[in-house]
Amino acid sequence: MLQLIIGLNDPCAPGYDPRTGLFHLFYQWNPHSHAWDKISWGHATSKDLLHWDHASDDTVSESLYLELTF
């Protein structure tokens with residue numbers, strides 16, 4: 001979890017999906033190191049905007065991103 005806090009940058013594209021009752025947040029991060037290198041998009045979900053679950057995969061589904069932001 002510390003790696004996520006250190007390497008997290010540029011949170012953006014928050015969205016709410018009323019079908020699932022989840023808030024979604026996309027952000028940039030390095031899933032392999034705290035160093036600013038090989039940046040990827042991350043995805044987290046929350047039911048209450050206080051507690052967040054980080055998606056286990058290293059990449060974000062483009063279709064999910066487009067569905068929630070447009």
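Please treat every number below as a calculation from the coordinates, not as lab data. Keep in mind that this is a model prediction, so the values were computed, not measured. Note: ideal-geometry Cβ built from the backbone for every residue, glycine included; neighbour counts use all protein chains shown.
Listed values, structure above:
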| item | result |
| --- | --- |
| Among 40-46, 17-23, the order from most to least packed when residues are scored by Cβ within 10 Å on average | 40-46, 17-23 |
| Label-point separation, His32 to Ser46 (7 Å along Cα→Cβ), nm | 2.9 nm |
